[in-house]
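What follows is one structure encoded as structure tokens, with my remarks underneath.
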Amino acid sequence: MRWESWSDFWFMGGYGLYVWGSMGMTAVLLLVEMAQAHLAHRRALALVRAEQSFENP
Amino acid sequence: MTMRWFYYAAPQTFYGLAGRLWPWLAALALALTVAGLWVGFALAPADAQQGEGYRIIFMHVPASWMSMVIYLAMAFWSVLGLTFNTRLSGMMTRALAPTGAIFAFLSLWTGALWGKPMWGTWWVWDARLTSELILFFLYLGYIALTSAIDDVRRADRAGALIAIVGAINVPIIYFSVKWWNTLHQGASVSLTRSPSMAQLMLWGMLLMALAMWVYTLAIVCYRVRTLIIERECHTDWVQALPEVAGAKA
């Protein structure tokens, strides 16, 4: 391990804003993408069910 | 062999295949991310010139690579779609586009955050940065165009043209640092010579790149299933799916 403490780690040698800004945006966008994909899948399944109950009520 | 490929190109079979694959791919992507972040942030030393600031590389380079690879994959599926008129091709292209757009944006975002401390500016209109920005707009254009056309097969064909014509931009991005004098540095990793970076930095970067590859495969497998259900919602096999029938009872 190369870091002396957590604050040393977060400080990132003075580049904290840039490094964590990069990491944070990457994490947020990928998490949003996964959540969005999951919701879209559930919507699609609900669409099929609606279709079914419309055709044979 | 040829028969086998077309067998999996049928949406129904691919739905099952992608459904079995994505959980494994997602787990593998998570494991690779943990390993890559550990190597990149706990083991790799500080850079001689850039100190700790260089660690943006662990997001920037993999995201930039994926933004180019995904566009080429979209062009590949588009060629298949226009040539063989397979239904799956358009769905694969569409499933890839949002992830490609995200990676292109992340390439620009992390690049800006890297450029500010190292070059003193968030942005310059140099060949590498400008061509990557064009790639981002190509993704947005593809998504806007395909969602603006109601007939899905027509939308797929129109989108395929953007994907194929726009692919010319990918080698321009890749070679821009050679062809023009750019502020952006040349490639740190190439196939023809040994990499110009420390071993642990390189391993961290390669692990993160692999993680983003596998993540892309996982999310595309997941998303293409949604598209298959939407487009085939009137078919018997979709209506009989356990995940459809299960919740109804």
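B:E232 meets all of the listed conditions (1) under 30 Å from A:V48 (Cα atoms); (2) crowded, with 20+ Cβ neighbours inside 10 Å but one, namely (2). Can you tell me which residue within the range A:1-24, out of those that are in contact with a helix residue (DSSP H, G or I) (Cβ under 6 Å, 6 or more places away or on another chain), outside any helix (DSSP H, G or I) and surrounded by 12 or more Cβ atoms within 10 Å (Cβ to Cβ), is farthest from the other protein chains (Cβ to nearest Cβ)? Taking the candidates together, the pick is A:W3. Looking only at residues of the range B:76-97 that are crowded, with 19+ Cβ neighbours inside 10 Å and either more than 17 Å from B:Y8 (Cα to Cα) or hydroxyl-bearing (S, T, Y) (or both), we find that the one that is modelled with the lowest pLDDT is B:S89.
Residues that are without any contact (Cβ under 8 Å) to a residue 12 or more places away in the chain and surrounded by 19 or more Cβ atoms within 10 Å (Cβ to Cβ) do occur in the range B:49-61, at least one of them.
In the set A:A27, A:A44, only one residue is at pLDDT 90 or above and facing chain B (nearest Cβ under 8 Å); that residue is A:A44.
If we scan the range B:27-36, do we find a residue that is in contact (Cβ under 8 Å) with a residue 40 or more places away in the chain, closer than 30 Å to B:G81 by Cβ and of a type in the set (A, V, I, L, M, F, W, C)? So far as the range B:27-36 goes, yes, one or more of its residues are in contact (Cβ under 8 Å) with a residue 40 or more places away in the chain, closer than 30 Å to B:G81 by Cβ and of a type in the set (A, V, I, L, M, F, W, C). Listed by first and then second residue, the pairs with beta-carbon distance under 6 Å, at least 6 apart or on different chains, first residue in the range A:5-25 and closer than 17 Å to B:W38 by Cβ, second basic (K, R), are A:V19/B:R55.
The values are calculated or read from the model by the stated rules, or taken from the named source; none is laboratory data. Quick caveat, the model's predicted, so the values are computed rather than measured. Every residue, glycine among them, receives a Cβ derived from its backbone with ideal geometry; neighbour counts consider all protein chains shown.
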